[in-house]
Amino acid sequence: MSAHLPVVFVPGWGLPATVWSDLAADLAPEREAVLLDLPGQGERRAAAPARDAEALAAALLAAAPPRAVWVGWSLGGLGALAAALAAPERVAGLGLVAATPRFTASPDGWPGVAPEVLAGFAEDLARDWAGTVRRFLALQVRGAAGATATLRRLHAVLEAAGPPAPGALEAGLAVLAAADLRARLGEVHVPAVVMGGGRDRLVPPESVRRLGTGLPLGCAHVVEEAGHAPFLSHPERVLAALRALLAEADPRRRGGREGP
């Protein structure tokens, strides 16, 4: 068995965990990589969808190793952050890609998606879930470098995985619409790196920077040319940040302790 902690990879809304396959293989071949689907999606299609951040954290923790470094993208990043709050002894480090503690813009000035835009996606799901997901994917890459190749990769992964369970996509949007973990960021005392795209239409770079500052052991990296999926469009930049995170979270570099 490897002496290194495993790495859990959690995908974003509507997509399977296999979206992480290439980066997971390159990141740390000596570690166990756990591609953990969101409930109701991918290989966990039979799992009951989660409708709030706490339920999402519980569903992910139930299928995760006892202790690991967690890497989450978008909704998966929110889930990873919620897991670190729910079970701090089980999360040794956080890699949050295009993630935010609050997805929607707020009256107090937090940058994010307008609530009515997210509500529009929820309404469209009932009429045409596949078309809604395609539009969401297109929005993720709009204006970013390498947009065509990134979008092609996202579509290929989605097609290979098949449709999510009924209700899973609507439940995911409900999590994104309601979750707000900003007030609890100071409770997360593990190494954390937050990565985002300077051209992201969904998670503005300012929210990435604020999240990195708000986490006690966090830092932020913004890839200026990237959109919402920098791990696909600019993998080497993301890999470099995650490798530094793994080195910091490795218990052997912390006096042999595996606790926070």
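The values are calculated or read from the model by the stated rules, or taken from the named source; none is laboratory data. Keep in mind it's a predicted model, so treat the numbers as computed, not measured. Every residue, glycine among them, receives a Cβ derived from its backbone with ideal geometry; neighbour counts consider all protein chains shown.
Remarks
- When region 154-183 is filtered for residues that are outside any helix (DSSP H, G or I) and surrounded by fewer than 22 Cβ atoms within 10 Å (Cβ to Cβ), the ones remaining, listed by number, are 162, 163, 165, 166, 167, 180, 181.
- Screening residue 190 with (1) in contact with a His (Cβ under 6 Å, 6 or more places away or on another chain); (2) assigned to a loop (DSSP other than H, G, I, E, B) gives one miss only, at (1).
- Residues located in region 194-222, provided they are buried (at least 24 other Cβ atoms within 10 Å of the Cβ) and either β-branched (Val, Ile, Thr) or in a loop (DSSP other than H, G, I, E, B) (or both): 194, 200, 202, 203, 208, 215
- Subset of region 109-128 [in a loop (DSSP other than H, G, I, E, B) and modelled with pLDDT under 95]: 114, 128
- Among the residues of region 76-99, the one identified as out of contact with any strand residue (DSSP E or B) (no Cβ under 8 Å at 6 or more places or on another chain) and either basic (Lys, Arg) or surrounded by 24 or more Cβ atoms within 10 Å (Cβ to Cβ) (or both) is 82.
- Residues considered: 40, 131. Of these, the only one that is part of a helix (DSSP H, G or I) and either of a type in the set (Phe, Trp, Tyr) or more than 22 Å from residue 3 (Cβ to Cβ) (or both) is 131.
- A single entry from 93, 79 fulfils the requirement of being assigned to a strand (DSSP E or B), in contact with a helix residue (DSSP H, G or I) (Cβ under 6 Å, 6 or more places away or on another chain) and not charged (D, E, K, R): 93.
- Residue match in region 132-144 (condition: over 17 Å from the mean Cα position of the chain (by Cα), crowded, with 17+ Cβ neighbours inside 10 Å and within 29 Å of residue 244 (Cα to Cα)): yes
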